[in-house]
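Just below is one structure, and these are the notes that go with it.
The values are calculated or read from the model by the stated rules, or taken from the named source; none is laboratory data. The structure displayed is predicted, hence computed values, not measured ones. Please note: Cβ atoms are built from the backbone with ideal geometry, for glycine as well, and neighbour counts cover all protein chains shown.
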Amino acid sequence: MSQFIAVAGRMPRPVRRLAKMLPGSETLRRLAAGKPGGQAPASGTLRPVVYLPTWARWDVMRQRPQFLLEVFASAGHPVYFVDPRADTERIADGVTIVPSVASVPAEHVILYIHFAPLRALIDRFTDAVVVYDVLDDLTIYEADEIGLPTKRTVAYHHPFLIERADQMIVSNSVLHDRYGHDRDGVLLIENGVDSAWFAKKRQRPADLVETTRPVIGYRGAVGEWFDFDLLEAVAEQEPEWHFIVVGPIYDRVADRADRLSRMANVDFIGERPSDEMPAYAQAFDAEAIWFVVDEMTSGVTPLKMFEALAAGTPVVATPLPACVSEGTIRTANDPVSVRVALQAALNDGHDESWLSRASRAAADADWANRVQPLLDRLDEQNQRLVP
């Protein structure tokens, strides 16, 4: 138990705050601190894949880890997603959600880790193949770790995982350039999309009233990286457009979001279930990615841009490198150019040529295609099968 508490203490402050808000957080610590004791896999079968407990939930704000795990499940691996907040064991999208590590096999597993302090739990497993995913720039955690002892920071644990991991993957070329020199064989596994899921036609969300006004949407968490000033300036200059923000708002920017939501044409409607995201993406006339561009966000590849393309919704983003490199995305970085880009994007949504290109881009970015190189690497190094 003390080992897991130590891990929890290393979590970034927003994560620790979230854990404290969860019902039964003491139970969470107790269950997550257990020893793996599930049935051992048979020799010659595919190794089970285990996602150790973090702040993530399977059905809430689904991000890269959940989609990677789905691909492993589709490829035949038993997959376990440990969430001590789960009431009972259940299966969703081919993945088994379990409330405790006691329910997962203790040997011959693939451990998928993206939060470096979880390395403290690796030793509980025998013959584990460790896949370490650097899905964001490590500097994302720095602001939350100011004042913590060095040994309790994410960056401190990064070098240990680099050495221990059997495979290290990164989510985009910026991170590959930044961290790829840390060891040989770092694999670029770019972010993607479940293209069929987002392309399937949905009913308009009940909280988005039918309107003749253009609806400019954003889906995702709202934190320090959100460019409130840019959205405010564009909203002031385009009073006939309706700006919708769907997603959780972090405490440290709540006041800023509240002030901006007082504008007549801006609404922050809060977090919605992941299963509803395709409906929102399809309901928007255009989707905007209001990210500040700096050293931290330059290593971000927003999943929402591929999701919007699969939904047939044009996208305008600030010039993040990943967005600039995607030819179907319009990028702009000041109020005037963003307004021009959004106006063009509103026209793109009625252009069959653009819709065709967007569909192809989404299909190319399908998660199954993205993750295949990792499966191939594991095969090449005899790390997918139980010995």
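What to note about this one:
- Residue check for Leu342: touching an Asp or Glu at 6+ places or on another chain (Cβ under 9 Å), more than 26 Å from Ala199 (Cβ to Cβ), in a helix (DSSP H, G or I) and aliphatic (A, V, I, L, M): no
- Residue in segment 276-296 that is modelled with pLDDT of 95 or more, more than 14 Å from Val246 (Cβ to Cβ) and either polar (S, T, N, Q) or not assigned by TED's automatic domain parsing to the domain that holds Asp351 (or both) present: no
- Among (1) surrounded by fewer than 22 Cβ atoms within 10 Å (Cβ to Cβ); (2) outside any loop (DSSP other than H, G, I, E, B); (3) touching a strand residue (DSSP E or B) at 6+ places or on another chain (Cβ under 7 Å); (4) at pLDDT 95 or above, the one test that Ile162 misses: (4)
- Residue that is nearest to the chain's Cα centre (by Cα) [pool: residues in segment 186-244 that are among the aliphatic types (A, V, I, L, M) and in a strand (DSSP E or B)]: Val193
- The sole residue among Arg178, Arg219 that is crowded, with 18+ Cβ neighbours inside 10 Å, charged (D, E, K, R) and modelled with pLDDT of 95 or more is Arg219.
- Options Asp285, Asp294, Asp334, Asp379; residue that is in contact with a helix residue (DSSP H, G or I) (Cβ under 6 Å, 6 or more places away or on another chain) and surrounded by fewer than 22 Cβ atoms within 10 Å (Cβ to Cβ): Asp285
- Restricting attention to segment 267-293, the residues that are charged (D, E, K, R) and either outside any loop (DSSP other than H, G, I, E, B) or without any contact (Cβ under 8 Å) to a residue 40 or more places away in the chain (or both) add up to 4.
- Taken over segment 245-266, the criterion of being small (Gly, Ala, Ser) and either in contact with a Phe, Trp or Tyr (Cβ under 6 Å, 6 or more places away or on another chain) or in a strand (DSSP E or B) (or both) is satisfied by Ala257, Ser261.
- Some residue of segment 63-83 being touching a residue at least 60 places away in the same chain (Cβ under 8 Å) and of a type in the set (Gly, Ala, Ser): yes
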